[in-house]
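Let me begin by presenting the structure, written as C-alpha cells, before commenting on it.
The values are calculated or read from the model by the stated rules, or taken from the named source; none is laboratory data. What you are looking at is a predicted structure, and each value in this text was computed from that prediction instead of being measured. Virtual Cβ from ideal backbone geometry, glycine too; neighbours counted across all protein chains shown.
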Amino acid sequence: MNPASSDETKLGGKFTFPGTPITVHRMGYGAMQLAGPGVWGPPRDPGAAVALLREAVAAGVNHIDTSDFYGPHVTNQLIREALHPYPDDLVIVTKVGARRGADKSWIPALSRQELIDAVHANLRNLGLDILDVVNLRVGGISEPSEGSIEKPLTVLVELKREGLIRHIGLSNVTPTQLTEAQKLTEIVCVQNFYNVAHRKDDGFIDDLAGQGVAYVPFFPLGGFNLLQSAELDSVAESLGATPMQVALAWLLHRSANVLLIPGTSSVQHLRENLRAATLTLPAQTLTKLNRIHAEPD
C-alpha cells in the first residue's frame, strides 16, 4: 500500500484550526479561477465548473477557498449548485474586504456596512446560515501595508457574536496586524502571498507554526504570472513531475501549518495539483529549491 494513500497522509495530511473542531486536508482548492476571464462574470462552461468542484470533493478535498467578490457572486453560486447540501466535513473559507467595480477593478470595501453586506452576500449565495471561516482582506493587491485593522475587524467580531461567523482569519497582513487582531479575537488562519520564489513571510510562517495558526499561501504557483525557474524545471524533470507539482510539494514540506488552495478551471490540472501531495522531495532536492528566490528578501 502506498503510504501516501492512508487517511493520515492523504492530500498532504491533516490540519486542525486552532481552538476549533475543524480539521481539513492540507491540500485544498481555491475557487477564484472558476469565474470568467479576469475573475469576472460566468465561466464559458458552467457545467464543467460544477463537475470540477464535484471531482475535487470526491477526491478528498474538504477545504475550499472562495469569496463573493469572485465574479462577483459567480464562484459562490457555482459552489452551491455543485455541492449543496454540503458534506459534513467540507469547510468553506470565504473572505471580505473588497468589491468589484463596473470596470472589473478591485476596490477596498472595509466600511461597516460593506462588511456586513459582504457577509450576508456570502451566506446567501453559498446557501448557508453560518460561515465556517471568514478572512478579513486588507492591504494592497498582493502585499500588505501597515496600519490598524481594528475598525473593520471589530465588525467581523460582532457578526461572530451574532452567530453568522464561526471563526475569523486574516488576509494580506503583517505580523504587527496579527498581534493587534489577536487582542480582539482568536485568529485561526493567515492568508498571504507566498511561494517557492516569493518568501518574504518565512519568519512569519514559523511564528504562526509556533502558535498552531494556519498559513494559507495565495498565488502558490505565482498567480497570473506562473512561476518560472530553471532550477524548478530541472528538479521537476529529475522527479518525473511538473514544475507546478514540485512547487506545491515544496510548500507542503515547508511547514506543517501550511495549507494549500491552488486554483484551476481544468480537471486535468486539478488532478495534477492533487498528485503533488504524493511527491517526495529528497534532501538534496530541497536544498536546490530553497535557493530559488525572485529577489533577496
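Those residues that are assigned to a helix (DSSP H, G or I) and within 24 Å of His167 (Cβ to Cβ), I need them from the range 18-42; list them, please.
To start, the set of residues in the range 18-42 that are assigned to a helix (DSSP H, G or I) comprises 32-34, 37-39.
Matches in the range 18-42: Met32, Leu34.
Return the only residue of Ala256, Ala209, Ala181 being at negative phi, surrounded by 19 or more Cβ atoms within 10 Å (Cβ to Cβ) and either modelled with pLDDT of 95 or more or part of a loop (DSSP other than H, G, I, E, B) (or both).
Exactly one residue qualifies, and that residue is Ala181.
Given the criteria under 22 Å from His63 (Cα atoms), within 21 Å of the chain's Cα centre (by Cα) and part of a helix (DSSP H, G or I), does Ala249 qualify?
Yes, satisfied.
Can you tell me which residue within the range 107-166, out of those that are of a type in the set (Ser, Thr, Tyr) and over 22 Å from the mean Cα position of the chain (by Cα), is nearest to Tyr86 (Cα to Cα)? Let's see the steps before the verdict.
Going through the range 107-166, the residues of a type in the set (Ser, Thr, Tyr) turn out to be 111, 142, 145, 148, 154.
Within this subset, residues satisfying the condition of being over 22 Å from the mean Cα position of the chain (by Cα) are 111, 148, 154.
Working: Ser111: 31, Ser148: 36, Thr154: 29 Å.
Ranking the qualifying residues of the range 107-166, first place goes to Thr154.
Of all the residues that make up the range 43-64, how many are of a type in the set (Gly, Ala, Ser) and either part of a strand (DSSP E or B) or within 22 Å of Phe218 (Cα to Cα) (or both)? Can you show your working first?
Keep residues of the range 43-64 that are of a type in the set (Gly, Ala, Ser), which gives 47-49, 51, 56, 58-60.
Narrowing further to those that are either part of a strand (DSSP E or B) or within 22 Å of Phe218 (Cα to Cα) (or both): 49, 56, 59-60.
Looking only at that region, the number is 4.
Any chance the range 142-160 includes a residue that's touching a Cys at 6+ places or on another chain (Cβ under 9 Å) and under 27 Å from Leu289 (Cβ atoms)?
Taking every residue of the range 142-160 in turn, none turns out to be touching a Cys at 6+ places or on another chain (Cβ under 9 Å) and under 27 Å from Leu289 (Cβ atoms).
Restricting to the range 75-98, name every residue that is surrounded by fewer than 24 Cβ atoms within 10 Å (Cβ to Cβ) and in contact with a helix residue (DSSP H, G or I) (Cβ under 7 Å, 6 or more places away or on another chain).
Hits for the range 75-98 are Gln77, Arg80, Glu81, Ala82, Leu83, Pro87, Leu90, Ile92.
What's the total number of residues in the range 204-255 that are over 13 Å from Leu281 (Cα atoms), free of Cβ contacts under 8 Å to residues at least 12 places away in the same chain and not hydrophobic (A, V, I, L, M, F, W, C)?
4
Of the residues Ala241, Ala214, which is surrounded by 18 or more Cβ atoms within 10 Å (Cβ to Cβ) and over 21 Å from the mean Cα position of the chain (by Cα)?
Ala241
Would you be able to say whether some residue in the range 290-297 is at pLDDT below 95, of a type in the set (A, V, I, L, M) and surrounded by fewer than 21 Cβ atoms within 10 Å (Cβ to Cβ)?
The answer is yes, given that some residue of the range 290-297 is at pLDDT below 95, of a type in the set (A, V, I, L, M) and surrounded by fewer than 21 Cβ atoms within 10 Å (Cβ to Cβ).
Name the residue that is surrounded by the fewest Cβ atoms within 10 Å (Cβ to Cβ), counting only residues in the range 259-275 that are among the aliphatic types (A, V, I, L, M) and in contact with a Pro (Cβ under 8 Å, 6 or more places away or on another chain).
Ranking the qualifying residues of the range 259-275, first place goes to Ile261.
Hey, can you tell me all the residues within the range 259-280 that are in a helix (DSSP H, G or I) and of a type in the set (Val, Ile, Thr)?
Hits for the range 259-280 are Val267, Thr278.
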